[in-house]
1. Among the residues of the range 74-90, are any touching a strand residue (DSSP E or B) at 6+ places or on another chain (Cβ under 8 Å), closer than 15 Å to residue 12 by Cβ and not aromatic (Phe, Trp, Tyr)?
2. Could you count how many residues in the range 82-111 are touching a residue at least 40 places away in the same chain (Cβ under 8 Å), in a loop (DSSP other than H, G, I, E, B) and either among the aliphatic types (A, V, I, L, M) or under 24 Å from residue 31 (Cα atoms) (or both)?
3. Scan 120, 155, 159, 79 and give me the residue that is outside any loop (DSSP other than H, G, I, E, B) and crowded, with 20+ Cβ neighbours inside 10 Å.
4. Tell me the residue from 161, 175 that is farther than 15 Å from residue 207 by Cα and either of a type in the set (Ser, Thr, Tyr) or over 16 Å from the mean Cα position of the chain (by Cα) (or both), please.
5. Does the range 149-164 contain at least one residue that is in contact with a strand residue (DSSP E or B) (Cβ under 6 Å, 6 or more places away or on another chain), of a type in the set (Asp, Glu) and in contact (Cβ under 8 Å) with a residue 40 or more places away in the chain?
6. If you go through the range 137-152, how many residues are over 17 Å from the mean Cα position of the chain (by Cα) and either crowded, with 19+ Cβ neighbours inside 10 Å or outside any loop (DSSP other than H, G, I, E, B) (or both)?
7. Which ones in the range 191-227 are outside any helix (DSSP H, G or I) and among the polar types (S, T, N, Q)?
8. Applying the selection to the range 1-30, what residues are under 23 Å from residue 70 (Cα atoms), of a type outside the set (D, E, K, R) and surrounded by fewer than 13 Cβ atoms within 10 Å (Cβ to Cβ)?
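Quick note: the coordinates plus some simple rules give every number you see, no bench work behind them. Just so it is clear, the model here is predicted, and its values are computed rather than measured. Virtual Cβ from ideal backbone geometry, glycine too; neighbours counted across all protein chains shown.
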Amino acid sequence: MAFTKVLWIVSMDEAAEGRLVQNAQTAGVGTVCIRSTSPRLPGAISRLHQQNIKVYAWRWPAASPVQSKSPHYFAVDEANFVTEQLLPAGLDGYIVDPESEGDGAANDWNHASLAPVARAFCDKSRNAAPAGFHFGITSGCAYPSPTMRPNIPWAEFVAASDALYPQTYWGMVNSHDDAIDINGGTPDTAIDRGLGSWKSIASGKLIVPMAGELDVITADEIAAYGARLQSEGISEAHFYADSADVPPENYAAIAAL
């Protein structure tokens, strides 16, 4: 099975853009997914297209208006930025990341009352997009579970999405900069957990488990991730996230998938 590979990135200055292109080409990646807060993103779209790389954007937007140094943070403002700045520049897709960490925070989506905001965000972004534009949702590995984040407006986001991307990471760097295991610590346990949770809200949409975090997982684990996707009949592979700390062997492992 030939995989469509997508490499994500969080922050991107000029040097990081060059590194992203090099690593994408090394890994055989045809699409990158760049957080929309990067001021380089609108101009980078055409530069990446010249390298035969498609460009998606992603964002965990605020669910309510808030004063912030982060640009176009509120979901409505983010949708306007996508339609007014990124789509005219040639953006190929967008993946929204509604999450919830602090109850009542501006970016806390775990409230059923936010369904109209979610619907407006999706409608604005999708209706302005050209044919072939790819729209998706990502969020925590088991967030749709009844005991996790059941009140995120899943139905609205899923209805607008072409595919769903649970964050089935089995390794991460915590707030103390320590590498730790999560979701069982292996690709299989993380994917089991994510698929088990997300199938409850998928409405038949494609679910694509994500691999991460690239700076702490191993090449062997990437190979195991690819094997699991293949066994599930999933031909799309997502990797979070490109950085200067990712071991070169991990990009070689992605290339080998």
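1. Yes, there is a match, as at least one residue in the range 74-90 is touching a strand residue (DSSP E or B) at 6+ places or on another chain (Cβ under 8 Å), closer than 15 Å to residue 12 by Cβ and not aromatic (Phe, Trp, Tyr).
2. Step one: list which residues in the range 82-111 are touching a residue at least 40 places away in the same chain (Cβ under 8 Å), which gives 82-83, 85-87, 89-100, 106-111.
When the remaining residues are screened for being in a loop (DSSP other than H, G, I, E, B), the result is 87, 89-92, 97-100, 106-111.
If we keep only those that are either among the aliphatic types (A, V, I, L, M) or under 24 Å from residue 31 (Cα atoms) (or both) as well, we get 87, 89-92, 97-99, 106.
Qualifying residue count, the range 82-111: 9.
3. Values: 120 fails: crowded, with 20+ Cβ neighbours inside 10 Å; 155 fails: crowded, with 20+ Cβ neighbours inside 10 Å; 159 fails: crowded, with 20+ Cβ neighbours inside 10 Å.
The unique qualifying residue is 79.
4. After applying the criteria, what remains is 175.
5. Looking through the range 149-164, at least one residue is in contact with a strand residue (DSSP E or B) (Cβ under 6 Å, 6 or more places away or on another chain), of a type in the set (Asp, Glu) and in contact (Cβ under 8 Å) with a residue 40 or more places away in the chain.
6. Going through the range 137-152 one residue at a time, the tally reaches 1.
7. 200, 203, 218, listed by residue number.
8. Within the range 1-30, 11, 15 qualify.
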